[in-house]
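Chemist: My questions will all concern the structure given below.
The values are calculated or read from the model by the stated rules, or taken from the named source; none is laboratory data. Keep in mind that what you see is a predicted model, and the values were worked out from it rather than measured. Counting neighbours? That spans all protein chains shown, and the Cβs are built from the backbone with ideal geometry, glycine included. Accessible surface areas use protein heavy atoms only, side chains included; no ligands, DNA or RNA. Shrake-Rupley method; radii C 1.70, N 1.55, O 1.52, S 1.80 Å.
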Amino acid sequence: MEKQTLISTKTYTIGLFGNPNCGKSTLFNQLTGLRQKVGNFPGVTVDKKMGKLSLAHDEEVLLIDFPGTYSFYPNSQDERIAVQTLIHQDAKDYPDAIIYIADVTHLEKHLLLFTQLYDLGLPSMLVLNMADQAERDGLSIDISKLEKSLNTSVFLLSARTGAGLDELKVGIGKLMQQSSNSRQQFRSLSSTEKQVSQGIQQLFPDRDDYSALLYAHHYKWLPFLSVEEKAKIEQIVEGNQFESLKLQVNETMERFNKFTPIAKAAMANENPGRTSRSLWLDNLLTHRIFGPIIFLGLMLLVFQAIFAWASYPMDWIEGFFGQLAEGVRQVLPAGWVSDLITDGILAGLGGIVVFVPQIAILFFLISILEEVGYMARAAFMFDRVMQFFGLNGRSMVALISSSACAIPAVMSTRNISNWKERLITIMVTPLISCSARIPVYTVLIGFVVPVGTVWGIFNQQGLAFMGLYILGIVAALFSAWVFKKILKTDEKSFLMLELPSYRLPVMRNVWLNVWEKVKTFLLEAGKVIIIISIALWGLATYGPSTAMQNAELSATEQAVQQDLSEEETADLIASKKLEASFAGHLGKFIEPVIEPLGFDWKMGIALITSFAAREVFVGTMATIYSIGSEDNESSVRDKMATERNPETGALVYTLPTSLSLLVFYVFAMMCMSTLAVVKRETKSWKWPIIQFVFMTAMAYLSSWVIFQSLT
């Protein structure tokens with residue numbers, strides 16, 4: 001369902017457009033700060049950011065940050081969104097004016113889309129971003145000459161430092177007073193284009209020449225056109241022998257021939273040696289030998305930091321929730337309300353909040369790598385390797401993004417134009433360990449790898465953590481190779497990618513990204529966990545009355561026979577009643593299926609609830625092991641570490657069981673949200689069903705092999 005608009009539709013709306021990596025989102029964040037909201041473009045799942053900008057005299061402007069686009073002839077779904085909005089003048093998100101952001105250090109490459117936007121006739125201005133980078137590179141620009149040549153207002157600024165923002169805000173106020181640009185400034189239509197444009201204008205009288213021409217190029221995929229309208233446009237196109245691809249090339253060349261001299265005349269390079277240093281860095285970071293080594297080193301740093309830096313805040317959070325639960329028990333009278341709050345809500349919520357430091361560190365470091373321009377180079381470096389496995393260099397970005405969350409990673413595949421490579425990327429992306437698996441890994445790694453260091457430097461558990469990620473990567477590449485052999489297509493593969501300039505990270509962007517991701521994780525996962533924790537508490541607390549009475553009676557008799565203390569008797573009664581509860585019956589029902597993997601019925605309950613979201617596993621275990629326990633200050637890890645088989649007395653979480661469970665969570669598709677997104681992206685239930693089946697089978701077989709070989 002589409003989210004509500006941020007403010008009244010009467011508010012003046014300005015669209016922010018630009019090529020990828022131009023600093024558009026950085027400028028958007030500078031102008032709007034925290035006064036922004038994420039929604040969806042109508043009818044699609046592509047995210048859009050909207051934000052309020054306050055100007056002088058209490059004027060407010062609605063800014064919409066459109067997806068990065070190279071031209072009006074898109075090669076990806078993200079680019080299509082920007083183009084279709086501009087073609088459809090009746091669209092809800094159609095802007096009143098346009099701010100075009102260009103990287104001043106790559107001005108010539110960025111002017112193609114600007115000239116196309118300008119020819120639409122909307123009030124527009126050109127913003128040259130990264131002025132600080134241009135100054136370091138020795139680039140100078142004659143703003144007045146550029147304004148005169150392009151016949152538009154030009155502003156030079158640095159979105160990273162904020163320099164020039166005040167002048168831009170004044171310019172935005174003036175932009176709101178403009179009625180339109182002069183039309184068809186940068187190119188003239190050919191006779192064929194004019195005939196087609198005039199024919200389409202008879203169908204859509206309110207469209208100008210250039211907008212009508214774009215209908216002819218894109219009518220087949222424009223979602224707002226009816227079947228009848230598409231048929232009429234097709235008649236016009238075929239009747240005039242309209243060769244879309246040829247005319248696109250002609251238009252692009254004509255525009256470049258016009259604006260290239262303008263850009264060169266306005267720019268001067270006073271320090272060409274700076275460019276040489278950038279090339280030297282590119283040659284090093286994308287080197288076929290040193291590049292992968294550097295990449296591996298950076299990933300090792302990330303996973304080491306997740307364990308080394310997060311331990312202290314995690315201990316504090318665990319202690320806080322333990323004391324909070326104990327405080328609630330002391331304040332509230334004993335009864336089901338107290339038990340629900342401490343054993344249900346606080347136990348489940350505490351079991352997930354404790355992992356926020358690790359998730360924040362992961363997002364922080366990944367955001368830094370994106371800000372400095374490294375991620376695009378990683379995509380370029382691994383393109384040839386990716387193609388061997390049936391993927392694309394852009395797939396690397398999706399796979400890396402999946403380490404945070406598979407949902408935006410799957411959505412990011414829209415910039416892969418090749419259908420086969422995009423589908424394969426979607427199918428294997430969830431095998432990359434996401435942040436939701438961090439809680440599971442953190443709890444279970446302690447049972448497999450002891451605390452300590454290797455060579456006095458590397459954290460052993462951090463290395464194991466990285467090993468799990470590598471295992472997921474290997475599984476993803478192998479699965480991609482299999483899909484490559486199965487799926488057939490005649491489409492040719494290519495990678496067109498602009499490497500952004502090296503730049504210092506904009507910490508405001510980094511912190512905003514970390515805040516958004518952590519907030520989303522807590523709110524989205526928190527809602528699921530609270531609901532499941534409450535439901536699970538009820539299922540684990542109550543059961544068939546006869547079975548519950550018999551369980552308590554049996555436990556009491558056993559306690560007398562074994563001469564147990566009062567506390568030990570209480571724990572034994574709680575354990576027996578849990579086994580007799582509704583949750584216990586559910587776990588017992590699936591236990592025969594999971595027993596060959598080393599899992600007991602309690603783990604079975606967690607596996608079932610984890611299909612809502614993987615991170616629910618820890619909240620489920622926290623709830624299960626809190627039922628009836630007086631020791632609410634112990635962490636879920638401590639309670640799991642002391643869990644013993646009631647029949648044999650042996651520890652439950654042994655090396656074979658823990659390793660089997662870890663591997664199961666590496667491979668299993670346990671995220672309903674990801675499956676829903678895959679369905680939306682592929683427009684079919686066929687592919688998510690195949691994805692669920694092959695990942696679950698891989699998880700089950702791998703866990704079975706590991707447990708059986710180690711026992």
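Chemist: In this structure, is PHE494 at pLDDT below 75, within 23 Å of GLY373 (Cα to Cα), out of contact with any Gly (no Cβ under 7 Å at 6 or more places or on another chain) and open to solvent by 40 Å² or more (accessible area, probe 1.4 Å)?
Modeler: yes
Chemist: Evaluate region 292-302: report whether one residue or more is of a type in the set (Val, Ile, Thr), modelled with pLDDT of 80 or more, surrounded by 13 or more Cβ atoms within 10 Å (Cβ to Cβ) and more than 30 Å from GLY393 (Cα to Cα).
Modeler: no
Chemist: Give me the residue from region 408-422 that is open to solvent by 40 Å² or more (accessible area, probe 1.4 Å) and in contact with a helix residue (DSSP H, G or I) (Cβ under 8 Å, 6 or more places away or on another chain) and, out of that set, modelled with the highest pLDDT.
Modeler: The residue in question is ARG422.
Chemist: Going through region 501-559 one residue at a time, which ones are closer than 30 Å to LEU572 by Cα, polar (S, T, N, Q) and modelled with pLDDT under 80?
Modeler: Scanning region 501-559 gives SER533, THR541, GLN558.
Chemist: Does THR69 satisfy being at pLDDT below 90, open to solvent by less than 10 Å² (accessible area, probe 1.4 Å) and not in a helix (DSSP H, G or I)?
Modeler: yes
Chemist: Another question, if that's okay. I need a count of the residues in region 536-591 that are farther than 23 Å from MET603 by Cα and surrounded by fewer than 18 Cβ atoms within 10 Å (Cβ to Cβ).
Modeler: 18
Chemist: Quick check on this structure: which one of LYS230, LYS220 is within 39 Å of the chain's Cα centre (by Cα), among the basic types (Lys, Arg) and assigned to a helix (DSSP H, G or I)?
Modeler: None of the others qualify; the one that does is LYS230.
Chemist: Hey, ILE101 hits all of (1) surrounded by fewer than 24 Cβ atoms within 10 Å (Cβ to Cβ); (2) modelled with pLDDT of 85 or more but one; which does it fall short on?
Modeler: (1)
Chemist: Name the pairs whose Cβ atoms lie under 7 Å apart, with the first residue in region 1-25 and within 17 Å of GLU108 (Cβ to Cβ), the second open to solvent by less than 10 Å² (accessible area, probe 1.4 Å) and at pLDDT below 80, and 6 or more positions between them or separate chains?
Modeler: ASN21/PRO500
Chemist: Determine whether LEU213 is open to solvent by less than 10 Å² (accessible area, probe 1.4 Å) and either of a type in the set (Gly, Ala, Ser) or closer than 18 Å to ILE98 by Cβ (or both).
Modeler: So LEU213 fails the test.
Chemist: Pairs please, first residue from region 692-711 and farther than 17 Å from LEU431 by Cβ, second anywhere and surrounded by fewer than 16 Cβ atoms within 10 Å (Cβ to Cβ) and modelled with pLDDT under 95, Cβ atoms under 6 Å, 6+ apart in sequence or on different chains.
Modeler: TRP704/PRO596
Chemist: Still on this structure, I have one more. Which residue pairs have Cβ atoms closer than 9 Å, lie 6 or more positions apart in sequence or on different chains, and pair a first residue in region 593-613 that is part of a loop (DSSP other than H, G, I, E, B) and modelled with pLDDT under 75 with a second residue that is surrounded by fewer than 18 Cβ atoms within 10 Å (Cβ to Cβ) and of a type in the set (Ser, Thr, Tyr)?
Modeler: Taking only residues 6 or more apart or on different chains, the pairs are ALA612/SER673; ALA613/SER673.
Chemist: Now for a different question. Out of all the residues in region 152-171, is one or more farther than 19 Å from GLY18 by Cβ, open to solvent by less than 70 Å² (accessible area, probe 1.4 Å) and modelled with pLDDT under 90?
Modeler: No, every residue in region 152-171 fails to be farther than 19 Å from GLY18 by Cβ, open to solvent by less than 70 Å² (accessible area, probe 1.4 Å) and modelled with pLDDT under 90.
Chemist: Search region 135-151 for residues being of a type in the set (Asp, Glu) and within 37 Å of the chain's Cα centre (by Cα), and hand back the single one that is surrounded by the most Cβ atoms within 10 Å (Cβ to Cβ).
Modeler: Among those residues, the one meeting the criterion is ASP137.
Chemist: When the residues of region 22-66 are narrowed to those that are small (Gly, Ala, Ser) and surrounded by fewer than 20 Cβ atoms within 10 Å (Cβ to Cβ), which ends up modelled with the highest pLDDT?
Modeler: Per the stated criteria, the residue is SER54.
Chemist: Here are some conditions: (1) open to solvent by less than 40 Å² (accessible area, probe 1.4 Å); (2) within 15 Å of ILE87 (Cβ to Cβ). THR252 meets all but one. Which one does it not meet?
Modeler: Of (1) open to solvent by less than 40 Å² (accessible area, probe 1.4 Å); (2) within 15 Å of ILE87 (Cβ to Cβ), only one is false for THR252: (2).
Chemist: Another question about this same structure. Scan region 660-693 for residues that are farther than 17 Å from ARG614 by Cβ, open to solvent by less than 40 Å² (accessible area, probe 1.4 Å) and part of a helix (DSSP H, G or I) and jot them down.
Modeler: GLU681, THR682, TRP687 - these are the residues of region 660-693 that are farther than 17 Å from ARG614 by Cβ, open to solvent by less than 40 Å² (accessible area, probe 1.4 Å) and part of a helix (DSSP H, G or I).
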